[in-house]
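The values are calculated or read from the model by the stated rules, or taken from the named source; none is laboratory data. Keep in mind that this is a model prediction, so the values were computed, not measured. Cβ atoms come from the backbone with ideal geometry, glycine included; neighbour counts cover every protein chain shown. Remember, those area values only see protein heavy atoms, side chains included, never the ligands or the DNA or RNA. Shrake-Rupley method; radii C 1.70, N 1.55, O 1.52, S 1.80 Å.
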Amino acid sequence: MSNEQPSETGRMTMLQDMLSALVSRGARLMEGRGGAQSPQDLHTLCEALLSSRGEASGVALASEILRGFDTLDIEARKEFLTGLAEPYDPDAARVEKAAASYRENGTNEALAELIAASEPPRQELLRRLNLAPGGTAALVHMRETLLTLLPDNPALERVDADFGRLFASWFNRGFLVLRHIDWQTPAHILEKIIEYEAVHAIDNWDELRRRVQPADRRCFAFFHPSMPDEPLIFVEVALSREIPSSIQTLLSEDREILSPDKATTATFYSISNCQTGLRGVSFGNFLIKQVAEDLAHEIPSLKTFVTLSPVPGLMRWMRQQAETDANGRAAQALAAMAAPAWHLDADTAGKLEPLIKGLTADYFLSAKRSDGQPLDPVARFHLGNGAMLRQIDWLGDTSPKGLTQSAGVMVNYLYDLSEVETNHEAYAARREVTAARAVRSLASASDKKARKAENGKKDTA
């Protein structure tokens, strides 16, 4: 008799066979029920699932509910999801009784009852739905639908909160698998990299090959064991001798390919979340730090880890500034950029560079949300991870998208692995933006010019 242990693939196959057998047994138990055709039918099955004690019937019920949800149109899906709100809330009387008991005696039993009473039955329903083969992916897609309905249906907020809590647990870092994506990766996964790329579009297979095949390019993605063919998030990396300041140069077709052992800098130039249904579940911070550590181990010559990042909120903020100060710097910049192809005119671009770089520094260092965080979403992500705003790159992205959202500006965030925790703590505790002296000097110069111009107006008056 062989003592060999089954491989990971073998174990997954065995598990799938067991689940299939359970579904088959459950299907036989459910013969005569009839197919669920409406939200009401599905809720009846949900009640049966919550009261079910048999494993086979539970898996079969979960499978039937998820299949039924997929057949519903958007209005019926809305009705089903709304029906998961109030009817599946905790029993208020039970919660009050449990809270009173815990206040009175404080025993472990009383605490356990309070915790059990406070948990919405909706969470247990979602756990049981997850028993179905493919249940995790189906629930992620269900929440994707929920998120589209959420803005106009406040009652769904409590349903979404339970999805979010469970997903944060199911998709925590301990379950995630980091995989290197290269030209040998199965085609169905490479197709999804093309589909999900959200920063710099990949238009065809040749372009994808240039992103993943050359020796000085890398791509990594997180996967979950329950969704082995669906990337959750991926990052594209360029290896170089210096910090890049332009996406055009970095992605150039005729660039010279660098031997990895000659590289000193790894640049994360595109990070794309793939599953809308997992919004709010944080992967990016783990991904960047894990990839940086792995690359540092693989390529000892790498000393610098940076991003080449977009600034998606810059032009929107400049327009808001111009509305409040019609003669201010933002208004002047917008007027100059009204000319077609302004970035191709050397004289116009030369005059605009110091003006817009100063405005960009102000945007990062001074423009805040009500909670004290920067307005820019990409800045919140990287600064929250402990990165430093190192450099502002003039005309770093001259694509139509880059010019429209950020006047072509890109920035580099530096991930100094010895400083990220300190920077993270400073940001978390005090909303402190860690920025290089060169960036702060741009903001200071911008302020001085603004004050000088204002004083000149007063003198003239």
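Over 31 Å between Cα atoms, which of LYS192/LYS289; LYS262/LYS351; LYS192/LYS368 qualify? LYS262/LYS351; LYS192/LYS368, as the Cα separations exceed 31 Å there. Within the chain, the whole DSSP H helices whose Cα atoms reach 30 Å or more along their own axis and whose mean Kyte-Doolittle score is at least -1.0 are 8-29. Distance between the modelled labels on SER282 and ARG380, one decimal in nanometres: 1.3 nm (7 Å Cα→Cβ projection).
Accessible surface for the chain, divided over its residues, is 51 Å² per residue with a 1.4 Å probe.
For the pair GLU157 and THR398, label points projected 7 Å from Cα toward Cβ lie 4.7 nm apart. In this structure, GLU79 and GLU104 have a Cβ-Cβ separation that, at R0 = 35 Å, corresponds to a calculated FRET efficiency of about 0.25.
Full extension of the chain segment joining SER51 with GLU191 gains 46.2 nm, where the gain is 0.36 nm per residue of separation less the Cα-Cα distance.
Each of ALA155, ASN285, LEU414 was placed along the dipole of the chain (beta-carbon charges, centred on the mean Cα), and the one lying farthest toward the positive end is LEU414. Ranking VAL237, LEU251, THR307 by how far each Cα lies toward the positive end of the dipole of the chain (charges on Cβ) leaves THR307 at the top.
Once the chain from GLU425 to THR324 is taken as fully extended at 0.36 nm per residue, the excess over their C-alpha distance is 32.9 nm.
Only loop residues by DSSP count here, and only those with at most 14 other Cβ atoms within 10 Å; note down the trypsin sites (Lys or Arg not before Pro) in the stretch 153-249 that meet that. In loop regions of the stretch 153-249 (DSSP not H, G, I, E or B), the sparsely surrounded trypsin sites (Lys or Arg not before Pro) are ARG241.
Residues within the reach of a label modelled at GLU256 (point 7 angstrom out along Cα to beta-carbon, backbone nitrogen below 17 Å), restricted to the stretch 209-240, are 215-217, 239-240.
A simple spin-label model places pseudo-atoms 7 Å from Cα toward Cβ; at GLN213 and ARG94 they are separated by 6.0 nm. Computed extension length for ALA201-ASP70: 44.2 nm, one decimal, from 0.36 nm per residue of separation with the Cα-Cα distance subtracted.
In straight Cα distance, which aspartates and glutamates are under 13 Å from LYS357, not counting same-chain residues fewer than 8 positions off? Answer for LYS357, where 13 Å is the Cα cut-off: ASP393, ASP447, listed by chain and number.
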